[in-house]
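Taking it in order: structure first as structure tokens, then the write-up.
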Amino acid sequence: MFAVEAKNLKKTFKTKQGDVEAVKDVSFQVNQGEIFGILGPNGAGKSTTILMLTTLLRITSGSGKIQGLDVATQDKDVRKKIGVALQDTGIDNLLTGRELFYTTARLWGFSKEDADKRSEELLNLVGIPDAADRRVKTYSGGMKRRLDLGLSLVHKPEVLFLDEPTTGLDPGSRRVLWDEIKRLRNAGVTILLTTQYLEEADELADRISIIDEGLVVAEGSPDELKEMVGGDVITFTLDSEENVIKAQSLIEGSEIENNDLRVTVNNGAKMIPPLLTTLTENNLEVVSASANKPTLDDVFLQVTGYRLEGAEEPDENMLEEVSG
Amino acid sequence: MDNKISASFFLQLGILTKRLILRVIRRPLAELPNIFISAFFLFVYDGALGGVFGGSAAGTPFDFAKGNFVNFILPVSIVSASVSGGASGVYLVEDIESGVFKRYQGMPISKWAIILAPILVGGLRVLIQAGLILTIGVIIGANPAAGTLGYFAVLGIAFLWGMGFAGYSVAAGVRSGSSQGAQAASFLFFPALFLAPTFTPRYALKGWLQTAASYNPTTYVIEAMRAIMIDGWVTDLITKGVLFSGGFALLTLTFAVVSAKKATEKA
């Protein structure tokens, strides 16, 4: 049995401007105990997919299952199996961290004594025991995210949904949260996370589904996806923008990126010298040349035709607001 | 440690209500304006009109306060204080705007508990604010003809009336999804309070206002409280007050529940 199963999920929002297909056709399976990443730019349909799988949004067509339970017809049972930390789930800033854990535990049906114990455990787990009795409004962004993660764990869920868990965090806080997410996976929790950060998907996910414009465009482990691109990526830096354009016309399959020339080849070490010769013979001055294994960004470029980093897409949260 | 996965409805309601009470307690300044305005009305109306319609009106046709104008005007301030229940919708809207509402939707919590908790807190605020105004009234000379039980009767009617505003506020809040929408209850305040026998008995109002007042449920609430304060247990007036305030509460609570049902349905 898969921990999560999405089958031809589709979501259409009705807006004043007409119907908008936020999710066109998304299918994937998440194995028990793995971290599964959904990678894509804003507006790709990641959050909408998560909302449907967590019972918070009606599915237009297709189906979703959590631990074998149908999210549309068994939503109450599904909620008991899952923990959810959405981008826009809120935390009551006027309460303390301890009060929030205690209140959440009581709402999940813990006795007063057990709610106290669970609060203490989680305060330690997410690393905020010293701030336990401070109001949340005094917490840093990183502390709030860790608290949010902790709140989604109160009832010991089997499957955890994290929607862009580190968006807006500084690198240090992001690293702390990554370590906690890995620790949870090692403890047996299945995690489905969305991210628009390539590094995050690479670091955390056992398998990744790349989503673009509401469709799954690639799926596999980070290594499998990189192998799909094949070979190495050679990057040439030239002395002027004009020469980069000239160089592109000389090397078949090359692309210009950030004023550098990039070309994917089977063997980078072997191919640098002849390509370098071609450029210098044409009086183009090469400042530097390097060969690297493909990154997830290269994968993204290959499957979508554009790079994820710096991609400007409509904000899907805005879309949801419009659809109301 | 084995949790039952979800708490009972009443436990959920209790936990959510306690949480909102903590929020109210931690923002005490937000409570002050309404108490201040209600107390201000009491002092100013008594100061401005008490001289004419108080003890010196004895033996004249204007002796409707029967010598104690504080008894006559106190219900107006209490009704004004009971509008504080109108802030209830704001609690819910704050939760919607902050995403706390969405968190609760993802948990096995009754949506009725989520909706009723702010209404209940609104009712409690009304009791406290109306109680404070009543205390001030007693200090400056109010003395209910119905005796000590009269205080509780006045508070009970104020509670029902305030719950009515709370229900309206919650409905407006969930329908509009904005704090402004939730505060719309306060716009009802002026017509509700002043198209009524606020400063004189109904019979002394001009024709058009007398007609308007007869259609305004506030009229019956104020008249019931005045009966308790001035004349004692006047059954028909008190019954009307309870029926109108209870009916208003029932109506707006139903409106809130229907609105909330619509708002909590999945998109």
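No lab work stands behind these numbers, since they all come straight from the coordinates. Since the model is a prediction, treat every value here as computed from it, not as a measurement. Methodologically, a virtual Cβ is constructed for each residue, glycine included, from the backbone with ideal geometry; neighbour enumeration extends over all protein chains shown.
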Using amide H atoms built 1.01 Å from N in the peptide plane, name the residues 5+ places from residue A:109, or on other chains, whose amide H lies under 5 Å from its own. B:7
Which log10 I(q)/I(0) values does the stretch B:122-194 give at q = 0.22 Å⁻¹ under the Debye formula, counting every alpha carbon as one identical point scatterer? -0.98
Taking each pair of distinct Cα atoms in the stretch B:1-149 once, what is the resulting Kirkwood hydrodynamic radius in Å? 17.8 Å
I need B:225, B:107 ordered by Cβ neighbour count within 10 Å, fewest first. B:107, B:225
A student applying the Cα gyration tensor rule (rounded when a/c is under 1.5; otherwise prolate if a/b is larger than b/c, oblate if not) would label the protein assembly as shown prolate
In the Gaussian network model of chain B, springs joining C-alpha atoms below 10 Å, which of B:77, B:88, B:169 carries the largest mean-square fluctuation? B:77
Enter the angle in degrees (range 0 to 90, nearest 10) between the Cα long axis of helix B:9-25 and the first principal axis of the Cα atoms of chain B, meaning the one along which they spread out most. 60 degrees
Any residue on another chain or 5+ positions along whose placed amide H is under 5 Å from the amide H of residue A:212 is listed here as A:217
Looking only at other chains, what is the average number of their beta-carbon atoms within 10 angstrom of each beta-carbon in B:106-114? 4
Helix A:241-250 against the longest principal axis of chain A: what's the angle in degrees, Cα atoms only, rounded to the nearest 10? 80 degrees
Can you tell me which lysines have their Cα less than 27 Å from the Cα of residue A:16? Leave out same-chain residues fewer than eight positions away. A:24, A:46, B:102, B:261, B:262, B:266
Find the relative contact order for the stretch A:231-293 and round it to a whole percent, using C-alpha pairs within less than 8 Å whose residues are 6+ positions apart. 49 percent
Note, ³J(HN,Hα) from phi for the stretch B:68-74, Karplus 6.51, -1.76, 1.60, rounded to Hz, x at Gly and Pro: 10, 5, 4, 4, 6, 8, 3
Both in Å, the radius of gyration and Dmax of the C-alpha trace of the stretch B:9-262 are 18.8, 67
Long-range amide H partners of residue A:232, meaning residues 5 or more apart or on another chain whose placed amide H is closer than 5 Å, are A:265, A:266, A:267, A:268
Enter the angle in degrees (range 0 to 90, nearest 10) between the Cα long axis of helix B:32-53 and the first principal axis of the Cα atoms of chain B, meaning the one along which they spread out most. 10 degrees
Among A:116, A:202, A:130, which comes first, second and so on when ranked by fewest other beta-carbon atoms within 10 Å? A:130, A:116, A:202
Report Rg(Cα)/(2.2 N^0.38 Å) for the stretch A:231-293, keeping two decimals. 0.97
Say R0 is 45 Å: what FRET efficiency, to the nearest 0.05, do residue A:2 and residue A:250 get from their beta-carbon distance? 0.35
Based on DSSP H runs of at least 4 residues, each adding -39500 (n - 2.57), what is the mean residue ellipticity at 222 nm of the protein assembly as shown after dividing by all its residues, to the nearest 500 deg cm²/dmol? -17000 deg cm²/dmol
For B:206, A:11, what ranking results if the residue with the fewest other Cβ atoms within 10 Å of its Cβ goes first? B:206, A:11
Chain A - Rg (one decimal) and Dmax (whole number), Cα, Å: 23.0, 79
What FRET efficiency would be calculated for the residue pair residue B:22, residue A:24, taking the C-beta separation as r and a Förster radius of 35 Å, to the nearest 0.05? 0.20
Assuming R0 = 30 Å, what is the FRET efficiency of residue A:306 and residue A:266, from their Cβ-Cβ distance, to the nearest 0.05? 0.80
